[in-house]
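The structure appears right after this line, and notes come after that.
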Amino acid sequence: MTATVEPAYWNARLVELIAEFDVPGASLAFLHEGEVHSFAAGVLNKDTGTPVSTDSLFQIGSVSKVWTATQLMLLVEQGRLTLDTPVVDLLPEFKVVDAEVTKTVTVRHLLTHTSGIDGDLFTDTGRGDDCLEKYLTACAELTQIHPIGESFSYCNSGFVIAGRIIERLTGKTWDQALREQICEPLGLTHTWTLPEDVLRFGAATGHVEDGNPTPVWGLPRSMGPAGLICARASDVVEFGRAHLGTELLAAPGEMTVPQVRLPNPYTLAPEWGIGWILDEWSGHRVIMHAGNTIGQSAMLWVMPDTGTVVCLLVNGGDSGAIQRALGRELFAALADVEMPEQLGPPETPVDVDVTGYVGTYERVGCLAKVSVNDDGKLHLHIEVTGALADISPDMHWDLVPVDATTFVGRREGSPLWDNVVFYELADGSRYIHMGVRATPKTA
């Protein structure tokens with residue numbers, strides 16, 4: 001065994017990093033030279049002190065979207081639909097407020113976040129097997145935040161709708177279809193969606209900013225296809241490994257063909273494929289996805305040309321910082337590849353007329369207000385609204401210009417820079433793009 005995968009080193013390093021970034025517990029797995037290595041550190045819940053093991057289950061959040069996209073691509077390969085099939089052809093009862101979008105939105109729009117549907121609807125439609133069916137009915141109230149196909153905005157609702165398509169085509173619940181399409185063929189024994197299954201294993205609890213366990217363990221069952229998978233890190237790595245070959249899909253590369261370029265390329269990556277986020281590091285193609293639930297975070301990176309797959313799961317603390325710190329070290333050690341630096345303030349200050357950016361920007365679940373301080377700097381204040389308002393604190397920070405439309409800011413106590421991009425569509429409507437979401441200017 002080489003020094004780069006020496007268990008004693010990575011076990012010790014994981015312990016050091018969770019202490020540095022106030023992370024209660026973490027599970028790490030990586031594929032290197034065909035072998036999966038797993039590591040664990042910390043506790044599942046600060047109140048109980050139960051230690052994390054390599055078999056512990058964490059919520060992988062929106063990494064689940066790659067699984068849902070894979071399920072649909074399996075059905076595409078079977079000829080059950082195409083990416084350009086209109087949703088209404090598969091779900092005749094589907095509708096949103098915009099009648100033209102109802103008729104024309106396709107499966108591709110859903111899987112590439114280009115539908116324009118205002119999609120952070122976290123409605124709890126119950127614990128029954130009909131929860132996605134009921135959620136689809138609730139989508140009738142969803143409006144547009146941008147015209148269909150004219151921008152990119154992360155859309156959780158689109159993936160719940162995609163999950164309902166899977167149910168319609170398979171005749172099974174999304175949860176059961178997931179097991180039969182992916183988990184069982186790959187032998188994933190520690191990947192589950194329902195709490196009654198997850199609790200049979202050691203399940204992580206999320207922790208909020210003050211370090212205490214979250215008052216709510218998970219999201220409603222209706223959000224399953226968008227982010228409800230719980231798994232151990234090694235199972236997630238095995239799923240990533242399957243995308244390196246034909247173990248699941250006959251042509252997995254179809255999911256990594258660039259579909260859309262993001263207005264803000266700095267938050268995660270510049271392009272999106274079918275389910276996957278697409279980037280390039282030092283000439284090496286990287287496919288990835290991140291996930292955040294209530295106090296838990298996940299990251300899956302896959303570097304196809306080196307055969308490297310890395311998954312890190314954490315249950316609180318400064319998740320973004322530990323992901324970057326550990327990811328940087330791992331890819332340097334395993335693949336001799338340098339992870340790009342995060343966008344930060346320019347060395348030479350940039351003078352920008354910011355008056356045109358002042359105003360209110362709003363979408364479902366988010367109210368953002370941009371103002372100018374006495375010193376002439378832009379200030380951003382974000383209020384989480386809707387179903388997650390009670391468990392999500394307001395955020396605010398000053399913005400530093402990088403260029404005429406790009407700004408960065410850092411929340412108090414955070415080592416990482418957030419970034420926002422102001423932009424306009426062809427019709428002149430103004431937006432701010434942050435957190436991979438487009439938020440229109442409303443006042």
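The values are calculated or read from the model by the stated rules, or taken from the named source; none is laboratory data. Here the structure is a predicted model, which means the values were calculated and not measured. All Cβ positions, even for glycine, are placed from backbone atoms using ideal geometry, and neighbour counts span all protein chains on display. For accessibility, only protein heavy atoms count, side chains too; no ligands or nucleic acids. Shrake-Rupley method; radii C 1.70, N 1.55, O 1.52, S 1.80 Å.
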When region 255-289 is examined, which residues are found to be closer than 22 Å to residue 30 by Cα and among the basic types (Lys, Arg)?
285
(1) assigned to a helix (DSSP H, G or I); (2) among the acidic types (Asp, Glu); (3) in contact (Cβ under 8 Å) with a residue 60 or more places away in the chain: which one isn't true of residue 100, the others all being true?
(3)
Looking at 39, 30, 58 in this structure, which one is in contact with a Phe, Trp or Tyr (Cβ under 6 Å, 6 or more places away or on another chain), on the phi < 0 side of the Ramachandran plot and assigned to a strand (DSSP E or B)?
39
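Hey, can you tell me all the residues within region 129-142 that are open to solvent by 20 Å² or more (accessible area, probe 1.4 Å) and either of a type in the set (S, T, N, Q) or touching a residue at least 12 places away in the same chain (Cβ under 8 Å) (or both)?
Filtering region 129-142 down to residues open to solvent by 20 Å² or more (accessible area, probe 1.4 Å) leaves 129-130, 133-134, 137-138, 140-141.
Listed by number, the residues that qualify are 129, 133, 134, 137, 138, 140, 141.
I'd like to check something: does region 241-254 contain any residue that is touching a strand residue (DSSP E or B) at 6+ places or on another chain (Cβ under 9 Å) and either of a type in the set (Asp, Glu) or under 20 Å from residue 25 (Cα atoms) (or both)?
First, the residues of region 241-254 that are touching a strand residue (DSSP E or B) at 6+ places or on another chain (Cβ under 9 Å): 241, 243-244.
Those left that are additionally either of a type in the set (Asp, Glu) or under 20 Å from residue 25 (Cα atoms) (or both): none.
No, region 241-254 contains no residue that is touching a strand residue (DSSP E or B) at 6+ places or on another chain (Cβ under 9 Å) and either of a type in the set (Asp, Glu) or under 20 Å from residue 25 (Cα atoms) (or both).
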Pull up region 350-381, narrow it to residues that are within 13 Å of residue 439 (Cα to Cα) and free of Cβ contacts under 8 Å to residues at least 24 places away in the same chain, then point me to the one that is surrounded by the most Cβ atoms within 10 Å (Cβ to Cβ).
367
For residue 438, all conditions in the list (1) touching a His at 6+ places or on another chain (Cβ under 8 Å); (2) touching a residue at least 60 places away in the same chain (Cβ under 8 Å); (3) open to solvent by 50 Å² or more (accessible area, probe 1.4 Å) hold save one; what is the number of the exception?
(3)
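Keeping to region 301-334, report how many residues are assigned to a helix (DSSP H, G or I) and open to solvent by 10 Å² or more (accessible area, probe 1.4 Å).
Kept after step one, since they are assigned to a helix (DSSP H, G or I), are these residues of region 301-334: 319-334.
When the remaining residues are screened for being open to solvent by 10 Å² or more (accessible area, probe 1.4 Å), the result is 319-320, 323-325, 328-329, 332-334.
Going through region 301-334 one residue at a time, the tally reaches 10.
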Please go through (1) part of a helix (DSSP H, G or I); (2) out of contact with any helix residue (DSSP H, G or I) (no Cβ under 9 Å at 6 or more places or on another chain); (3) farther than 27 Å from residue 42 by Cβ for residue 196 and return the number of the only condition it doesn't satisfy.
(3)
Which is surrounded by fewer than 21 Cβ atoms within 10 Å (Cβ to Cβ), under 14 Å from the mean Cα position of the chain (by Cα) and in a loop (DSSP other than H, G, I, E, B), of 268, 244?
268
For the condition touching a strand residue (DSSP E or B) at 6+ places or on another chain (Cβ under 9 Å), open to solvent by less than 30 Å² (accessible area, probe 1.4 Å), over 16 Å from residue 59 (Cβ atoms) and among the β-branched types (Val, Ile, Thr), what is the one hit in 145, 166?
145
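Is it true that residue 59 is in contact with a Cys (Cβ under 6 Å, 6 or more places away or on another chain) and either surrounded by 15 or more Cβ atoms within 10 Å (Cβ to Cβ) or modelled with pLDDT under 95 (or both)? Spell out how you get there, then give the answer.
On the way: in contact with a Cys (Cβ under 6 Å, 6 or more places away or on another chain): yes; either surrounded by 15 or more Cβ atoms within 10 Å (Cβ to Cβ) or modelled with pLDDT under 95 (or both): yes.
In short, yes.
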